[in-house]
1. Roughly how far apart, in whole Å, are the Cα centres of segment 257-297 and segment 125-140?
2. Taking every Cα atom in segment 150-204, find the radius of gyration and the maximum pairwise distance Dmax, and write them in Å.
3. Consider just the alpha-carbon atoms of segment 221-266 and return their Rg together with their Dmax, both in angstrom.
4. Within a Cβ distance under 13 Å of SER127, other residues only, what is the Lys/Arg minus Asp/Glu net charge?
5. So what's the angle, to the nearest 10 degrees on a 0 to 90 scale, between helix 12-23 and the longest Cα principal axis of the chain?
6. Which net charge results for the neighbourhood of ALA214, defined as the other residues with beta-carbon distances under 14 angstrom from its beta-carbon, given Lys and Arg at +1 and Asp and Glu at -1?
7. Taking the Cα atoms only, what angle lies between the long axis of helix 55-66 and the longest principal axis of the chain, rounded to 10 degrees?
8. Which whole-number percent of Cα pairs in segment 115-221 have a distance greater than 18 Å?
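Read-outs: derived from the displayed coordinates by stated rules, not from any lab. Small disclaimer: the values here were computed from a predicted structure and weren't measured. Don't worry about glycine lacking a Cβ; one is built from the backbone with ideal geometry, like all the others, and counts go over all protein chains shown.
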Amino acid sequence: MQFDVIIIGGSFAGISAALPLARARRKILVIDAGERRNRFAAASYNFLAQDGREPGLIVSEAREQLERYPTVHWLSAKAQAARRTSNGFAIEIDGEPMKEGKRLILAAGVADRLPAIPGLQERWGKSVFHCPYCHGYELNQGRIGVIASGEHSMHHALMLPDWGETTFFTNSVFVPNADQSAQLRGRGVTVETTPVREIAGDRADVCLEDGRIAAMDGLFALTQTSVQIPWAEQLGCALEQGPLGQFITTDAAKQTTAKGIFACGDVARAAGSVALAVGDGALAGTAAHQSLMFGSD
């Protein structure tokens, strides 16, 4: 069977991309490896009508609704490779026959690499976060720490005082200049220059190299991201390097630099959230459908 569209990734962006195609009665295949980026978080916030719900429940409910459409096929697997064919694209999957589609939507997200501080990874999504709009409110204007991972963390530190009493742990990776120090003072940010040894405690206690412990209600840290689809470049998709890592280049309609391939969600933007991923997916799905109607094969 040749599908009209194959979607790599079945989380928020991928399912959102699939919906307009399903409603246009196009034959689509969603290939999902089950690795949602926000799988470590117990609740998803800042998403219309779903505020505070468990993200896994949102996705499972969305999948159930999607699979009610008779032209939708779902495969729980990891896409190993892809190649362009005379009729579109062929996707390789371990233990499965080759899957062929006329169009391809990449929605597999990104992988996060946290600063190498013991205890940080274990608290990721629980008391260590990356998005103030998604998790800042629940800290109830308490004690918030920002762990520096580079110069871009300065922006994080200047934002967080709207959500609580903020301490900027520069951790020997960033030294604010005079202007930046003045900005931080103006926002009421405390700057802590002693290196961080580890993160401990039930919440997010910052243990410093000099033996002091700064008890925090939550921490924010910027990650470096990498695209979860290593073969995207081989298909001709250009990648960009933003301040927080890699993402796939797209135009306003989510078309990549490779003909017939679209990308959406965190894999296709310099910053991500559930709401943005859903909007991105809807745009990519609609654009892929219109390319089937009006584009050339």
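1. 28
2. Spelled out, the Cα radius of gyration and Dmax of segment 150-204 are 11.5, 36 Å.
3. Reported Rg and Dmax, both Å: 10.8, 36.
4. -1
5. The answer is roughly 30 degrees.
6. Net of charged neighbours comes to -3.
7. The helix 55-66 is inclined about 10 degrees to the chain.
8. 41
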